[in-house]
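Report on the structure given below.
The values are calculated or read from the model by the stated rules, or taken from the named source; none is laboratory data. Fair warning: this is a prediction, and the values are worked out from it, not measured in the lab. Neighbour counts are summed over all protein chains in view; Cβ atoms, including those assigned to glycine, are modelled from backbone coordinates with ideal geometry.
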Amino acid sequence: MTDLLRQEIAATAQMVVVKVGTRVLTRDDGSLNRDRIASLAQQLAAIRDSGRRVVLVSSGAVGAGMNRLEIKRRPNDLAMLQAVAAVGQTRLIEAYDATFRHHHCHAAQVLLTAEDFDDRTRYLNVRNTLLSLLRLNAIPVINENDTVAVDELMTTFGDNDRLAALVTNLLRAPLLIVLSDVDGLYDGDPAAPRTRVVETITRIDDALDSYIHTSPDSLSKGGMASKIDAAQMVTSAGENMVIASGREEDVLARILAGENVGTLFLAQGKSISPWKRWIGFSVQPRGKLSLDAGACRAIEEHGRSLLSIGVTSVDGDFVKGDAVIMCSPDGVELARGLTNYSSDEIRRIAGRSSEEFADLLGHRPYDEVVHRDNLAILRADRGD
């Protein structure tokens, strides 16, 4: 059954990011499911042939490496994990490229780390590279660079959900489709007989926590939690996301036909600019500023800059130009921005007016602690 809202979202999504999880790509014994990879490649090629641009974010390198090396249990040693991922990545990209060639296109391997999104120059280079690959009629296949990553590699499940959200925001893709081993977000314990998939999520809030349940293998809670975090990033930037089963036949074609497949997370407000996407979701914050209620209203309701008089406390050590988190009096993160002053300077001017800067600091280069042009509001009722 089709849905008018879903049809509209699909019709306007001229660029689509698809993320596929390890469990979709592998069999029970950990080996690559080449039939499923072939099916996925056919669907991705069909999206490309329809005139859309499509990018794939794929997990599976560690699992493929374990199977190739005949390792039965996931290693706990970081160096061994990285070695297994290096072996598996070659097998994974070879499987994609072999199947894509049947559809007259090529797989382009792109391995990324968090630093590629944190540094502005590298961030733009990644974007330019991906857009160039799309112009060359290739399908970028993106994965975490497991051979050099540390924290990300130690995450057992769901690490590429965040990567897919970052790529979606990097490219301003209107739609992210996350293919998982579940049919979507359930309204209760998936094992319960009356549990159903939630068709549409209009707002991501604490109420969704009740929908996240732990399965006996202890992986599902982390998996769905990371997907909801990814949905928060994508929808806060003004785009849409669908979680659906990657084991369902022709799932991508059905989603893009506007069918009620999986769970749709609706965009929260208007699409935000590339500059503010980078500030809000990609660059790593180096500190935190707590604000009073007046500063919060000025930022959220009126789109104002952050002034020192509204800062109540400073956490962390940072320098001018670093990204900082801005929190409400109750500790809720409401925005991120690039600071005009260091942490030591803000501690000295917090709660004071800009007219006092010269006496307190010996200079007054800026009136604002964070200018509105360098500030991204993260809550759904943003005013930027």
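Filtering region 281-315 to residues that are among the acidic types (Asp, Glu) and either touching a helix residue (DSSP H, G or I) at 6+ places or on another chain (Cβ under 6 Å) or outside any helix (DSSP H, G or I) (or both) leaves 292, 315. Only residues that are more than 24 Å from residue 22 (Cα to Cα) and among the hydrophobic types (A, V, I, L, M, F, W, C) were counted across region 236-266, and they come to 3.
The conditions of being in the same structural domain as residue 172 (by TED's automatic domain parsing), of a type in the set (Ser, Thr, Tyr), over 15 Å from residue 142 (Cα atoms) and touching a strand residue (DSSP E or B) at 6+ places or on another chain (Cβ under 8 Å) are met by residue 26.
Against the criterion of being within 21 Å of residue 17 (Cα to Cα) and among the basic types (Lys, Arg), residue 68 does not qualify. Residue count for region 62-73 satisfying the condition of being within 16 Å of residue 143 (Cβ to Cβ), out of contact with any strand residue (DSSP E or B) (no Cβ under 6 Å at 6 or more places or on another chain) and among the hydrophobic types (A, V, I, L, M, F, W, C): 2. Residues considered: 32, 56. Of these, the only one that is buried (at least 20 other Cβ atoms within 10 Å of the Cβ), under 30 Å from residue 254 (Cβ atoms) and either acidic (Asp, Glu) or modelled with pLDDT of 85 or more (or both) is 56. Hey, does region 180-193 have a residue that's crowded, with 18+ Cβ neighbours inside 10 Å, within 19 Å of residue 164 (Cα to Cα) and modelled with pLDDT of 95 or more? Scanning region 180-193 turns up no residue that is crowded, with 18+ Cβ neighbours inside 10 Å, within 19 Å of residue 164 (Cα to Cα) and modelled with pLDDT of 95 or more. Restricting 308, 290, 273 to those that are hydroxyl-bearing (Ser, Thr, Tyr), modelled with pLDDT of 95 or more and surrounded by fewer than 21 Cβ atoms within 10 Å (Cβ to Cβ) reduces the list to 290.
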